[in-house]
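The values are calculated or read from the model by the stated rules, or taken from the named source; none is laboratory data. Since this is a predicted model, take the numbers as computed values, not measurements. Methodologically, a virtual Cβ is constructed for each residue, glycine included, from the backbone with ideal geometry; neighbour enumeration extends over all protein chains shown. Side chains included, ligands, DNA and RNA excluded: accessible areas come from the protein's heavy atoms. Shrake-Rupley method; radii C 1.70, N 1.55, O 1.52, S 1.80 Å.
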Amino acid sequence: MKIERSAGRAWADEAIRKITAENNRSADTHLYSVPLPEHWGVQLYLKDESTHRTGSLKHRLARSLFLFGLVNGWIREDTTIVEASSGSTAVSEAYFAQLLGLPFIAVMARSTSQEKIDLIEQFGGSCLLVDHASEVYATAEEVAATSGGHYMDQFTYAERATDWRGNNNIAESIFGQLELEEHPVPDWIVVGAGTGGTSATIGRYLRYHSHPTRLLVVDPENSAFLPSWRGSTSGPATGLPSRIEGIGRPRMEPSFVPSVIDHMVQVPDAASVAAMRHLRTLAGLHAGPSTGTNLWGVWQLVAAMISEGRRGSIVSLMCDGGERYAGNYYNPGWLASKGLDPAPYEVMIKRFFDTGTWNADPV
């Protein structure tokens, strides 16, 4: 009996080839060595995810989510792709949808900046605005159902769409790039959590390969992730949106895996802005606010290593570029309108670099 391959399978095969080819054309992202005082004995590295075609760490996630949808048979020719996102994930998914010739709809809060809407539309996507951030999940599901489309649901599938064993994931890339460094196995890797997918991938990779490296996850104000990691049983959900683009959630997301995280710290939102701005002076790197959140955690770890006389290395991520945030996080008027004053935290950073010790009290 001869059974012909379906046209749908042939289309999916071609779609996977296109995505794989796109990845093959892309060089790995840079791992920058950030200058710190030599006598501290600590090396800091930032993996610059802003150099992806869509400008952020979410390029990796979007690629994985599309491949996951294709191999599961959820994405077919002419499938409308729908996502609940007002951030970088939507920009990256719009790019891959355009690559495959598929329509893309991002469901987002009406408060989303015009700059972010323009980026999504630049890659052929369209934006559906809702009044409140809490409405995006149900609306995205409804749009996908009524259009016969596929709801990508990054907050559920991020932790399972990426192969945590290796296969060129971000953790494997970091360790490969560190091979010839003085301290090739870092003491810590520091990341934030938006979906939880990156922290889950890195945490699992560290355990699978028996690395002694520990994972610190930094969390902005109003996020439910830190209470979840602490084992809150009172339904950890704040209901409040994060003021730091790309990280922090008002509810515990399915892709967040607390058990692979060694430590978490909460970072004041204004401190994220201060650290983001300081990075440009320190290393000439223009980053977004979630990178600042990472660095606030990094400086505390560096101070601890100095106090213990321990030499080693720390790795974190530069999640996206600062050019996306000229109108908000780099705009004093916008910061004031949000009640964000980075000045006291800039003093704390200067004090840390002057003394090598960490004082947690803003001045």
Next item on the list: May I ask you to list the residues in segment 96-112 that are in a strand (DSSP E or B) and of a type in the set (Val, Ile, Thr)?
Entry: Ile105, Val107
Check: Within segment 37-55, is even one residue part of a helix (DSSP H, G or I) and among the aromatic types (Phe, Trp, Tyr)?
Finding: yes
Next item on the list: Report yes if some residue within segment 178-200 is of a type outside the set (S, T, N, Q) and modelled with pLDDT under 90; otherwise report no.
Entry: no
Check: For Leu340, which of the numbered conditions (1) under 17 Å from the mean Cα position of the chain (by Cα); (2) part of a loop (DSSP other than H, G, I, E, B) fails to hold?
Finding: (1)
Item checked: Residue pairs meeting the criteria (Cβ under 7 Å; at least 6 apart or on separate chains; first free of Cβ contacts under 8 Å to residues at least 60 places away in the same chain, in segment 333-353; second exposed (fewer than 14 other Cβ atoms within 10 Å of the Cβ)) -> Trp334/Gly327; Val347/Val363; Arg351/Asn359
Next item on the list: Mind counting the residues in segment 152-161 that are over 15 Å from Glu93 (Cβ atoms) and crowded, with 20+ Cβ neighbours inside 10 Å?
Entry: 1
Note to self: So, Glu115, is that one touching a Gly at 6+ places or on another chain (Cβ under 9 Å), touching a residue at least 60 places away in the same chain (Cβ under 8 Å) and either assigned to a helix (DSSP H, G or I) or within 28 Å of Thr29 (Cα to Cα) (or both) or not?
What the structure shows: yes
Checklist line | Arg76 being part of a loop (DSSP other than H, G, I, E, B) and either surrounded by 17 or more Cβ atoms within 10 Å (Cβ to Cβ) or within 24 Å of the chain's Cα centre (by Cα) (or both) | finding: yes
Item checked: Test result for His52, open to solvent by 70 Å² or more (accessible area, probe 1.4 Å), out of contact with any strand residue (DSSP E or B) (no Cβ under 8 Å at 6 or more places or on another chain), under 26 Å from Glu179 (Cβ atoms) and outside the structural domain of Ala97 (by the TED database) -> no
Margin query: Quick test of your reading of the structure: Glu93 fulfils all but one of (1) open to solvent by 20 Å² or more (accessible area, probe 1.4 Å); (2) in contact (Cβ under 8 Å) with a residue 24 or more places away in the chain; (3) among the charged types (D, E, K, R); (4) on the phi < 0 side of the Ramachandran plot. Name the failing condition by number.
Written below: (1)
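For every residue, the table says whether it meets (1) assigned to a loop (DSSP other than H, G, I, E, B); (2) closer than 22 Å to Leu31 by Cα; (3) open to solvent by 30 Å² or more (accessible area, probe 1.4 Å); (4) of a type in the set (Asp, Glu).
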site: Asp219; (1), (2), (3), (4): no, no, no, yes
site: Ile247; (1), (2), (3), (4): yes, yes, no, no
site: Arg277; (1), (2), (3), (4): no, yes, yes, no
site: Gly292; (1), (2), (3), (4): no, yes, no, no
site: Arg310; (1), (2), (3), (4): yes, no, yes, no
Next item on the list: Scan segment 129-151 for residues that are open to solvent by 30 Å² or more (accessible area, probe 1.4 Å), in a helix (DSSP H, G or I) and either of a type in the set (A, V, I, L, M, F, W, C) or over 20 Å from Ala97 (Cα atoms) (or both) and jot them down.
Entry: Ala133, Ser134, Glu135, Ala138, Ala145
